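J.: I am attaching a structure below and will ask some questions about it afterwards.
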Amino acid sequence: MTTAMSPTPSATSRHTSGRQRTTAALVTGAGGEMGHGLIQTLAAEGGRAIVALDIRELSSEIRSSCDAAFAGDICDEGLLSRLLAQYEISEIYHLAALLSTRGEFVPETAHQVNVVGTLNMLKLAAEEARTHGRTVRFFFPSSIAAYGMATLAQKRAAGRVAENQCLEPITMYGCSKLAGEHLGRYYERHYRLLAKDRMEKPIDFRSIRFPGIISADTVPSGGTSDYGPEMIHAAAQGRPYGCFVRADSRIPFMTMPEAVTAIVGVMRAEKSVLQRQVYNISSFAPSAQDFASLVLREFPGAIVTWEVDEKRQAIIDSWPEDIDDAAARADWGWKPQHDLASAFSGYLLPRIRARYE
Ligand code: AKB
């Protein structure tokens, strides 16, 4: 099913059929946590239409920031060609994915959505580039799940890891994020390597390996880093929370506004300053106990218990304690806005309290 709202053209081009097409940024997985924050920021930037694509109908709040919203599968070729008949896509934010916990129940589906879906989007971008003779900029959110350490002792010994270390993920989600990174590199640098009529660099591929992300406005689902945001949202609603990882579990996190700022930062950077295609970024790396201590301080009466799920624990134990984001800082000026305390006091608490009051 396709729902298209009336577009507000920012720039137009002529299709081979003679029809005018509007230049647009395409956001897939638009209804997810990250799409929510990103679309509002892109809409505020202006300059081109925003076309959203999600498997489900979007909430009216997100739809109102988009020029058009398409409901359907990123692997549905018919849907994609209808979309391209109306819009010239100049940049893609490919957010659609099945996360690490959900993916372990249906790994082949996770592969289909995360790898085949990404391949479809890259192909679409390359075809758009070829049709219009200009590179399409492509954003791919990768994850700390791309890393994998075999044991907790190895995780502790590795400490803060750089982009090229410990890349042996233990989840299908992690494998598919790593595959997406490689596909992006291939489409940018080597796509149709032996074809006589190949286009040089059809895609300008940019990717960030995100840590766990905490939003004050949405509660995540299907991920393994979800214990952080779940604990805070439960306490704010006066609900007890059974944390599914040990108190000493540690991975990096950041707030959703920082994640959105980073996406815009890397996407607006001059290509010449980008020494890599995939960057680590990190803001703070608390233990689950650090989260619990702040939650118990801020919400007296909150109840946090430790109900460890050994299998989800193993996923967290395979992810790094922290990641080295020196390259992002040096190349495109990434800088975290928060440590854990200021994330609580300056962002999470005021908004979450207001939300559940
Ligand atoms: C997950 O837990 O699967 C995600 C991630 C860390 O990418 N939040």
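The values are calculated or read from the model by the stated rules, or taken from the named source; none is laboratory data. Computed from a predicted model, the values in this text were never measured in an experiment. Don't worry about glycine lacking a Cβ; one is built from the backbone with ideal geometry, like all the others, and counts go over all protein chains shown. Note: accessible area is taken over every heavy atom of the protein model, side chains too, but ligands, DNA and RNA are not part of it. Shrake-Rupley method; radii C 1.70, N 1.55, O 1.52, S 1.80 Å.
Table: residues versus (1) more than 21 Å from I208 (Cα to Cα); (2) away from the ligand (no atom under 13 Å from the Cβ); (3) open to solvent by less than 70 Å² (accessible area, probe 1.4 Å); (4) assigned by TED's automatic domain parsing to the domain that holds S249.
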position: I92; (1), (2), (3), (4): no, yes, yes, no
position: L95; (1), (2), (3), (4): no, no, yes, no
position: E108; (1), (2), (3), (4): yes, yes, no, no
position: R134; (1), (2), (3), (4): yes, yes, no, no
position: A145; (1), (2), (3), (4): no, no, yes, no
position: A158; (1), (2), (3), (4): no, yes, yes, no
position: Q165; (1), (2), (3), (4): no, yes, no, no
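J.: Being at pLDDT 95 or above and farther than 30 Å from D309 by Cα: is that true of H182 here?
T.: So H182 passes the test.
J.: Now for a different question. Can we say A146 is free of Cβ contacts under 8 Å to residues at least 60 places away in the same chain and over 17 Å from V245 (Cβ atoms)? It would help to see each step written out before you state the result.
T.: Values: free of Cβ contacts under 8 Å to residues at least 60 places away in the same chain: no; over 17 Å from V245 (Cβ atoms): yes.
Criteria not met by A146.
J.: Which pairs turn up if I take residues in the stretch 32-54 that are at pLDDT 95 or above and look for partners that are charged (D, E, K, R) with beta carbon separation below 7 Å, at least 6 apart in sequence or on another chain?
T.: As it stands, the answer is A49/D67; I50/D67; V51/D67, since those pairs meet every condition given.
J.: Open to solvent by less than 30 Å² (accessible area, probe 1.4 Å) and of a type in the set (D, E): which single residue out of E77, E104, E57, E88 fits that description?
T.: Working: E77 fails: open to solvent by less than 30 Å² (accessible area, probe 1.4 Å); E104 fails: open to solvent by less than 30 Å² (accessible area, probe 1.4 Å); E57 fails: open to solvent by less than 30 Å² (accessible area, probe 1.4 Å).
On inspection, the qualifying residue turns out to be E88.
J.: I've got another one for you. Take G174 and tell me if it is in a loop (DSSP other than H, G, I, E, B) and either at pLDDT 95 or above or open to solvent by 10 Å² or more (accessible area, probe 1.4 Å) (or both). Reasoning before the result, please.
T.: On the way: in a loop (DSSP other than H, G, I, E, B): no; either at pLDDT 95 or above or open to solvent by 10 Å² or more (accessible area, probe 1.4 Å) (or both): yes.
Spelling it out, it is not the case that G174 is in a loop (DSSP other than H, G, I, E, B) and either at pLDDT 95 or above or open to solvent by 10 Å² or more (accessible area, probe 1.4 Å) (or both).
J.: Kindly evaluate W332 against the criterion of being at pLDDT 95 or above, over 21 Å from A153 (Cα atoms) and of a type in the set (F, W, Y).
T.: On the way: at pLDDT 95 or above: yes; over 21 Å from A153 (Cα atoms): yes; of a type in the set (F, W, Y): yes.
Criteria met by W332.
J.: Would you mind stating whether D204 is more than 14 Å from the ligand (Cβ to nearest atom), of a type in the set (D, E), touching a residue at least 24 places away in the same chain (Cβ under 8 Å) and assigned by TED's automatic domain parsing to the domain that holds A110? Don't jump to the end; show me each part of the working.
T.: On the way: more than 14 Å from the ligand (Cβ to nearest atom): yes; of a type in the set (D, E): yes; touching a residue at least 24 places away in the same chain (Cβ under 8 Å): yes; assigned by TED's automatic domain parsing to the domain that holds A110: yes.
When the stated conditions are applied, D204 passes them.
J.: Return the residues of the stretch 211-243 that are open to solvent by 10 Å² or more (accessible area, probe 1.4 Å) and assigned to a strand (DSSP E or B); say none if nothing qualifies.
T.: I213, Y241, G242
J.: Filter the stretch 238-283 down to residues that are under 17 Å from the mean Cα position of the chain (by Cα) and of a type in the set (D, E, K, R) and give me whichever is farthest from D322 (Cα to Cα).
T.: Here the answer is R268.
J.: Name the pairs: first residue in the stretch 221-242 and modelled with pLDDT of 95 or more, second residue more than 10 Å from the ligand (Cβ to nearest atom) and of a type in the set (D, E), Cβ to Cβ under 7 Å, at least 6 apart or on different chains?
T.: Once the first residue is modelled with pLDDT of 95 or more and sits in the stretch 221-242, its partners that are more than 10 Å from the ligand (Cβ to nearest atom) and of a type in the set (D, E) give Y241/E230; G242/E307.
J.: Which pairs have Cβ atoms under 9 Å, sit 6 or more apart or on different chains, and link a residue in the stretch 322-344 that is closer than 21 Å to R250 by Cβ and of a type in the set (A, V, I, L, M, F, W, C) to one that is at pLDDT below 95 and outside any strand (DSSP E or B)?
T.: none
J.: Output yes when any residue across the stretch 81-89 is small (G, A, S) and either more than 26 Å from S221 (Cβ to Cβ) or assigned to a loop (DSSP other than H, G, I, E, B) (or both), and no when none is. First the steps, then the outcome.
T.: As a first pass, look at the stretch 81-89 and keep what is small (G, A, S): 81, 85.
In the following step, the residues that additionally are either more than 26 Å from S221 (Cβ to Cβ) or assigned to a loop (DSSP other than H, G, I, E, B) (or both) were identified as 81, 85.
The answer is yes; a qualifying residue exists.
J.: Here's something else I'd like to know. In the stretch 149-169, what residues are within 19 Å of the chain's Cα centre (by Cα) and closer than 18 Å to H111 by Cβ?
T.: Selection gives L167, P169.
J.: Right, next: Against the condition in contact with a Leu (Cβ under 8 Å, 6 or more places away or on another chain) and in contact (Cβ under 8 Å) with a residue 60 or more places away in the chain, how does L167 come out, does it pass? Show your work before the answer.
T.: Working: in contact with a Leu (Cβ under 8 Å, 6 or more places away or on another chain): yes; in contact (Cβ under 8 Å) with a residue 60 or more places away in the chain: no.
For L167, the condition - in contact with a Leu (Cβ under 8 Å, 6 or more places away or on another chain) and in contact (Cβ under 8 Å) with a residue 60 or more places away in the chain - is not met.
J.: Does the stretch 273-288 include one or more residues that are more than 30 Å from L178 (Cα to Cα) and either in a loop (DSSP other than H, G, I, E, B) or open to solvent by 10 Å² or more (accessible area, probe 1.4 Å) (or both)? Show your work before the answer.
T.: Just the residues of the stretch 273-288 that are more than 30 Å from L178 (Cα to Cα), to begin with: none.
Scanning the stretch 273-288, I find no residue that is more than 30 Å from L178 (Cα to Cα) and either in a loop (DSSP other than H, G, I, E, B) or open to solvent by 10 Å² or more (accessible area, probe 1.4 Å) (or both), so the answer is no.
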